[in-house]
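For reference, the structure discussed in these notes is given below.
The values are calculated or read from the model by the stated rules, or taken from the named source; none is laboratory data. Predicted model, so just to flag it, every value in this text is computed and none were measured. Using ideal geometry, Cβ is built from the backbone for each residue, glycine included, and neighbour counts are taken over all protein chains shown.
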Amino acid sequence: MPKKSHSLPFSIFKYSVYALLTFNILLFLLHGTLHEALDSFGWVILLGTFEYESTSLDEVYNSAFEKWTLFAFQCLGYGLAIYATAQYYLEGEWVDLLNSVTWLAVCAVLAYDVYSPGDFQAAEWKVRNLIKSLLYAILVGVAVWWGYEGLKAEADLTGLLDFYDAALWIACFAVIELNVFDYERPEEKTAAA
């Protein structure tokens, strides 16, 4: 699958955020729980697959190996994310649970964007974008909550780490959304003509 290229500053920003998210796995191992670290690891895997697929939305797979390798990584990533979600539920970590479930919902809508793009001017496309906007609003609200809690707790870095992590993930998925938007934009121009 050939990749679309972006400007150098955009690429530097994107890969810097990706590197910081990968570093977060270590931070959660040191300052969080094992399921938070596994959650972060699973999402980094999913991020890689979304980045790969969203930069080549109009291309076919080069081989069955490419397709099944991506599928295997997605299964691993979702498996870890769902495991962590279950742990948040079992341990009564309700804000983490809300965050995790919301991210899974974002991924479901993004997967729909990638695998069933449809007509980019139809009502269904507008509803899908409205749903994504609501989901991202929830995620921003959770991030703000964690930031507030982190500032209140003088000795506990967990809230600030959660805020930092959430802000990075929102920035990262904004990159994925820009990849999808780059793909949709030519369709919008064609429809306008």
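I'd like to check something: does segment 52-63 contain any residue that is of a type in the set (A, V, I, L, M), modelled with pLDDT of 90 or more and touching a Phe, Trp or Tyr at 6+ places or on another chain (Cβ under 7 Å)?
No, segment 52-63 contains no residue that is of a type in the set (A, V, I, L, M), modelled with pLDDT of 90 or more and touching a Phe, Trp or Tyr at 6+ places or on another chain (Cβ under 7 Å).
Evaluate segment 158-170: report whether one residue or more is at pLDDT 85 or above, on the phi < 0 side of the Ramachandran plot and more than 19 Å from the chain's Cα centre (by Cα).
no
With respect to Thr102, is the statement that it is of a type outside the set (Lys, Arg) and touching a helix residue (DSSP H, G or I) at 6+ places or on another chain (Cβ under 7 Å) true?
Criteria met by Thr102.
Residue by residue, here is whether (1) closer than 18 Å to Tyr18 by Cβ; (2) part of a loop (DSSP other than H, G, I, E, B); (3) in contact with a Phe, Trp or Tyr (Cβ under 9 Å, 6 or more places away or on another chain) holds:
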residue: Leu30; (1), (2), (3): no, no, no
residue: Gly48; (1), (2), (3): yes, no, yes
residue: Glu66; (1), (2), (3): no, no, no
residue: Ala81; (1), (2), (3): yes, no, yes
residue: Asp96; (1), (2), (3): no, no, yes
residue: Glu124; (1), (2), (3): no, no, no
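Which one is modelled with the lowest pLDDT, of the residues in segment 7-33 that are of a type in the set (Gly, Ala, Ser) and within 18 Å of the chain's Cα centre (by Cα)?
By that ranking, first place goes to Ser11.
Return yes when Ala137 is modelled with pLDDT of 95 or more, within 15 Å of the chain's Cα centre (by Cα) and part of a helix (DSSP H, G or I) and no when it is not.
Answer is yes for this residue.
I'd like to check something: does segment 85-94 contain any residue that is among the aliphatic types (A, V, I, L, M) and at pLDDT below 95?
no
Which of the numbered conditions does Gln74 fail, given that it passes all the others? Conditions: (1) among the polar types (S, T, N, Q); (2) surrounded by fewer than 18 Cβ atoms within 10 Å (Cβ to Cβ); (3) within 12 Å of Leu46 (Cβ to Cβ).
Every listed condition holds for Gln74 apart from (2).
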